[in-house]
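Visitor: Below is the structure I would like to discuss, written out as structure tokens.
Any read-out appearing in this document is the output of simple, stated calculations on the displayed coordinates, not a laboratory observation. On a predicted model such as this, the values are computed, not experimentally measured, just so you know. Cβ sites come from the backbone with ideal geometry, for glycine too, and all protein chains shown count toward neighbours.
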Amino acid sequence: MLTYAAVFCASLVAAFLLTPLIRNWARRWESLVDTPSAARHVHTRPIPRVGGIAIFLAFLVGVTTAFGFEAGGQLSGTVALSAKFLLPTLAMFILGLVDDIWRLRAGVKFVIEVLIATWFHFTVQGITSLPNPLTGTTIELGIWGLPITVLWLVGISNAFNLIDGVDGLSAGAALFSTLTLAYVAAANGNVPLALLLCALAGGTAGFLKYNFNPATVFMGDCGSLFIGFTLAGLALLYAQKSATTVTVAIPLLAFGLPIMETALSIGRRFLAGKPIFEADRRHMHHRLLAQGYSHRTTTIFLYGLSAFFALMSLLAYNSPNRLLGLILLTLGIVIWIAVQHFGYHEFGEIGRVIQRSLNQRSVIANNIRIHELTESLLGSESFEAFYTHLSKCFEATDFTQVEIHLPLKYAWHVQEHPGFRFARRGALVIATWTAATATGEEDCPVVKLVIPLRFEDGQSGCLELHCSPERPLLFDVNLLFGKLRRVIEQTVSRLPVEAPDPRRLHESFFDSGSSLLPKITRP
């Protein structure tokens with residue numbers, strides 16, 4: 001325990017002293033300063049972005065301190081592990097530093113990350129097997145081990161890079177993850193692994209003093225890629241030592257926040273039809289800032305989420321396997337609540353799709369009924385029959401009220417029908433159908449759809465459909481705008497109309513106070 005504390009403190013002090021030195025040095029070089037320009041930036045003044053150099057150097061100080069405690073062969077595994085582990089880790093750090101200075105193209109950067117991860121797979125440790133939670137046995141991956149290893153290392157490295165968008169977030173989330181894995185490694189007696197994690201935790205904690213809001217230095221890609229790759233590699237070493245469901249679940253839960261952010265980013269961009277690697281301003285921290293939270297409150301909120309993932313990871317380690325399902329269920333509920341709080345409408349659409357799927361049987365039934373009733377409209381021999389079929393058609397929908405506006409030429413002689421009320425507006429006759437379930441309250445919000453009608457003789461009218469915005473329309477609206485519209489136009493144009501009586505068409509007929517067909521004036 002004394003060794004772990006010494007390594008952590010040595011790395012902590014080194015980062016605490018080195019970070020301001022590197023920050024002040026970086027301010028002299030324009031290429032090492034992050035100037036707010038892109039819309040996704042949340043800082044308002046130039047800030048050095050190579051603080052990851054201090055984290056890396058502090059990590060080396062911690063590892064060197066661990067070598068100093070070599071006595072009686074107790075830490076002999078640390079030297080061997082560090083010698084293999086540090087070279088690909090150094091390569092990932094250099095890649096991030098080069099990107100901080102010269103801004104590499106995303107494709108070039110990704111290819112180099114894949115090459116480094118492949119190097120790690122063949123020289124340090126690859127994912128060779130995965131547990132089967134159903135049978136308790138292991139699945140040998142064979143040739144699939146390489147792509148899965150690369151996916152894990154590159155994915156986690158970029159996940160920590162992805163959440164590095166607000167002061168102190170990536171460093172704080174990394175600190176929670178590192179301390180969690182360090183505890184598990186120490187509890188299992190894996191001394192070399194625990195020492196490397198203590199060295200990383202100390203360097204991250206010392207840097208966080210200057211990176212927390214208001215930040216005076218950013219870790220940059222050299223810091224986020226180094227931390228992500230180091231944690232992913234160390235977690236892989238831990239999980240592959242004993243490939244069980246719990247050992248694999250612990251790193252996944254410990255890295256919960258960056259994994260969640262990455263999954264949400266990929267999912268929402270895919271649903272929105274945007275490039276998956278396109279930068280935007282809709283990450284979790286951006287959503288919280290947009291809702292009015294301060295930078296510090298946003299960071300603390302996401303720290304709380306990181307702490308929750310760390311707690312779930314420790315519960316998974318200390319609980320029997322049979323409780324893992326309950327832990328994952330609790331985790332899923334919390335993630336669902338968090339996503340709702342972030343207000344991602346992309347995932348709200350998934351809920352709408354699921355709801356529509358549940359209602360699909362009713363939708364199909366209503367669509368079939370509308371098809372049948374619109375076809376029956378074509379068989380109407382009079383306007384009375386036409387209105388009868390039309391009222392049955394509307395009963396199959398969720399509209400509260402429907403108005404059909406017809407030219408006076410066609411509808412002047414029909415003044416009474418059990419399903420409609422008739423009135424006149426200028427040169428049009430308006431037939432109004434009202435659903436039996438309509439409340440009749442004028443203050444209720446109403447959505448109105450208007451379908452224009454064009455008849456064979458060039459005259460026009462329209463169909464107005466009123467519905468409540470709170471009730472789903474359990475039918476295909478395209479049926480109304482397409483088939484029903486055409487059927488009404490064809491049917492009205494061919495139905496026989498009585499020869500008009502000029503005396504009845506006179507304006508005074510409609511102004512005489514007739515209760516059947518009163519004149520309507522526009523407000």
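Visitor: log10 I(q)/I(0), Debye, Cα-only the chain, no solvent, q = 0.07, 0.09, 0.11, 0.12 Å⁻¹?
Guide: The Debye formula, applied to the Cα set alone, gives -0.58, -0.73, -0.90, -1.02.
Visitor: By how many degrees, between 0 and 90 and to the nearest 10, does the Cα long axis of helix 245-254 differ from the longest principal axis of the chain?
Guide: The angle comes out at about 80 degrees.
Visitor: Multiply the residue separation of LEU90 and ARG45 by 0.36 nm, subtract the distance between their alpha-carbon atoms, and state the gained length in nm to one decimal.
Guide: 13.2 nm is the gain from fully extending LEU90 to ARG45.
Visitor: Right, here's the next one. Which order do CYS198, CYS222, CYS467, CYS462 fall in if you start with the one that has the fewest other Cβ atoms within 10 Å?
Guide: Fewest to most other Cβ atoms nearby, the residues stand as CYS462, CYS467, CYS222, CYS198.
Visitor: Also, I was wondering about something else. Helix 295-318 against the longest principal axis of the chain: what's the angle in degrees, Cα atoms only, rounded to the nearest 10?
Guide: For helix 295-318, the angle is close to 70 degrees.
Visitor: Arrange the following residues from fewest to most other Cβ atoms within 10 Å of their Cβ: PHE212, PHE122.
Guide: Final ranking by Cβ density, sparse to dense: PHE122, PHE212.
Visitor: For the Cα atoms of the chain, what angle does the longest principal axis make with the long axis of helix 191-211, in degrees from 0 to 90, nearest 10?
Guide: 60 degrees
Visitor: Would you mind listing how long segment 146-301 runs along its three principal axes, going by Cα atoms, in whole Å with the largest first?
Guide: 46, 37, 24
Visitor: Sort LYS109, LYS483 so that the residue with the fewest other Cβ atoms within 10 Å of its own Cβ comes first and the one with the most comes last.
Guide: Numbers: LYS109 18, LYS483 15.
Listing LYS109, LYS483 from fewest to most nearby Cβ atoms yields LYS483, LYS109.
Visitor: What size of dipole, in debye to the nearest 20, comes out for segment 365-511 about its Cα centre when the only charges are +1 on Lys and Arg C-beta atoms and -1 on Asp and Glu C-beta atoms?
Guide: Dipole of segment 365-511, to the nearest 20 debye: 320 debye.
Visitor: Taking 0.36 nm per residue of sequence separation and subtracting the Cα-Cα distance, how much length would be gained by fully extending the chain between ALA83 and ILE364, in nm to one decimal?
Guide: 94.6 nm
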